[in-house]
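Notes follow the structure.
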Amino acid sequence: MKKILIIGAIGQIGSELTMALRTIYGGENVIASDINNAASEKFLKSVTFEIIDITNKSAIVSLVKKYNINTIIDLAAILSATGEKNPMLAWNVNINGLINVLEVAREHKLEQVLIPSSIAVFGPGTPIECAPQETVLHPTTMYGITKVAGELVADYYVKKYNLDVRGLRYPGIISNETLPGGGTTDYAVAIYYDAIKYGKYTCFVKEDTRLPMMYMPDCLKATIDLLQADLATLKHHSDFNVGAMSFSVKELAESIKKYMPNFQIEYKPDYRQAIADSWPNAVDDSAARKEWGWKPSYDLNTMTQDMLKVIGEKHKKGLI
Ligand code: NAD
Ligand code: AKB
């Protein structure tokens, strides 16, 4: 049985992945942790939760021993936009934190480590229309640099120490439970909240900005499917491209207008435009499809319907 420690568990992905894993492996086998406890009361009441700083290796060791952990999921990160404001913090959390996790896993003979990567590994020189699995990786952000280095160091532990490390390059993740934490693709979440709350949105990238995106149910499915995939079928380890949909901001706004005809959008691009422009429009995820059967379920229209429904209900209840 897996005994999982999730680090970075109260973030956008962790808050939902923790709950999904609890239903599969049982609450007692999924330990949530983060650098602070700024999560909802509902979340903190329903999980086993520990405060931990991923840059403190001995703190990770203590939790591994305390709970007999055999699997670590490292979601602790400083994302692209915040990373450009504090590049050394991004390096420290994303790389030194990751190396702590890998070293603890090696020294304590853990069974598995899962570390997400990102489309931020791409940059100038990557084919823009559909980034191949194997391609030029010259990111322009410190976040992207940490993700490329993270993939390389993770694959090093696979080859050198036979450690089972897995990872996937998430596109922008869109969700309605926990707000995203300082990324460039955050506009694709904020637009739905502002549509419901104000009927309008001011977007920080231009209308023709097109990026790969994925709805949270597909993100959870991809993560859990990779976690559970038979190691023998994997040729790649920490760098799987995973795609679901690709749309411009204009197309996103039009999908909202289908259900909210009076919705309005204006554009005031800021420093995040350059980051978005350095990433591809879509990714080729045929390796993930072939090696562990990846297949997304949601497209732009089905996601928009669900996002507006869920956020609309929250707004009616006064929760947002
Ligand atoms: P998030 O910013 O919402 O959550 C990250 C969490 O890490 C936060 O709860 C934060 O408190 C925690 N954290 C920060 N510093 C820490 C430290 N020193 N010790 C312990 N915890 C710390 O991020 P997310 O969107 O949930 O991302 C999770 C992973 O997925 C990251 O590796 C990220 O790079 C990757 N990813 C996310 C997206 C996306 O669109 N959400 C896209 C691509 C990749
Ligand atoms: C960000 O925009 O930084 C993240 C990502 C794509 O990695 N959402």
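The values are calculated or read from the model by the stated rules, or taken from the named source; none is laboratory data. These numbers come from a predicted model, not from an experiment. No Cβ is skipped: glycine too gets one built from the backbone with ideal geometry, and neighbour counts run over all protein chains shown. These accessible areas exclude ligands, DNA and RNA; they are computed on the full protein's heavy atoms, side chains included. Shrake-Rupley method; radii C 1.70, N 1.55, O 1.52, S 1.80 Å.
Quick notes on this structure:
- Residue of Ser58, Ser118, Ser80 that the Gaussian network model of the chain assigns the largest fluctuation, springs spanning Cα pairs under 10 Å: Ser58
- Of all accessible heavy-atom area on the chain, the percent that carbon and sulfur account for (1.4 Å): 52
- FRET efficiency, 1/(1 + (r/R0)^6) with R0 35 Å, evaluated for Asp270 and Val153 via beta carbons: 0.65
- Accessible area per residue in Å² at 1.4 Å probe, computed on segment 262-320: 56
- For the chain, the longest principal axis of the alpha carbon atoms and the long axis of helix 57-67 meet at an angle near 80°.
- Segment 183-219 versus segment 85-152: alpha-carbon centroid distance in Å: 24
- Helix content alone sets the calculated 222 nm mean residue ellipticity of the chain: runs of n ≥ 4 DSSP H residues at -39500 (n - 2.57) each, divided across all residues, give -12500 deg cm²/dmol.
- The P(r) of segment 197-320 has a tail past 27 Å containing 32 percent of all C-alpha pairs.
- For segment 185-233, the solvent-accessible area of protein heavy atoms averages 34 Å² per residue (probe radius 1.4 Å; ligands and nucleic acids excluded).
- Only Lys, Arg (+1) and Asp, Glu (-1) charged, at Cβ; the chain dipole about Cα centre in debye: 580
- Between helix 187-198 and the chain there is an angle of about 50 degrees, using the helix long axis and the longest principal axis of the Cα atoms.
- Estimated inter-spin distance, Ala190 and Leu319, nm [label 7 Å along Cα→Cβ]: 2.3
- Between the residues Tyr198, Ser297, Ala222, the greatest Cα displacement towards the positive end of the dipole of the chain, with unit charges on the Cβ of Lys, Arg, Asp and Glu, is found for Tyr198.
- Estimated distance in nm for a label pair at His138 and Ser40, the labels positioned 7 Å out from Cα along Cα-to-Cβ: 4.4
- The alpha-carbon of Lys316 sits under 25 angstrom from the alpha-carbons of these lysines, leaving out residues fewer than 8 places away in its chain: Lys42, Lys45, Lys197, Lys200, Lys257, Lys258.
- Compared with the dominant Cα axis of the chain, that is its longest principal axis, helix 14-25 is turned about 60°.
- Full extension of the chain segment joining Glu254 with Glu129 gains 42.8 nm, where the gain is 0.36 nm per residue of separation less the Cα-Cα distance.
- For segment 43-114, the share of alpha carbon pairs falling in successive 10 Å distance bins from zero is 19, 47, 28, 6 percent.
- For the cross-link pairs Lys2/Lys314; Lys147/Lys314; Lys66/Lys159; Lys147/Lys221; Lys206/Lys314; Lys147/Lys290, the ones whose C-alpha atoms lie over 25 Å apart are Lys2/Lys314; Lys147/Lys314; Lys66/Lys159; Lys206/Lys314.
- Normalised contact order of the chain, rounded percent, pairs of Cα under 8 Å and 6 or more residues apart: 18
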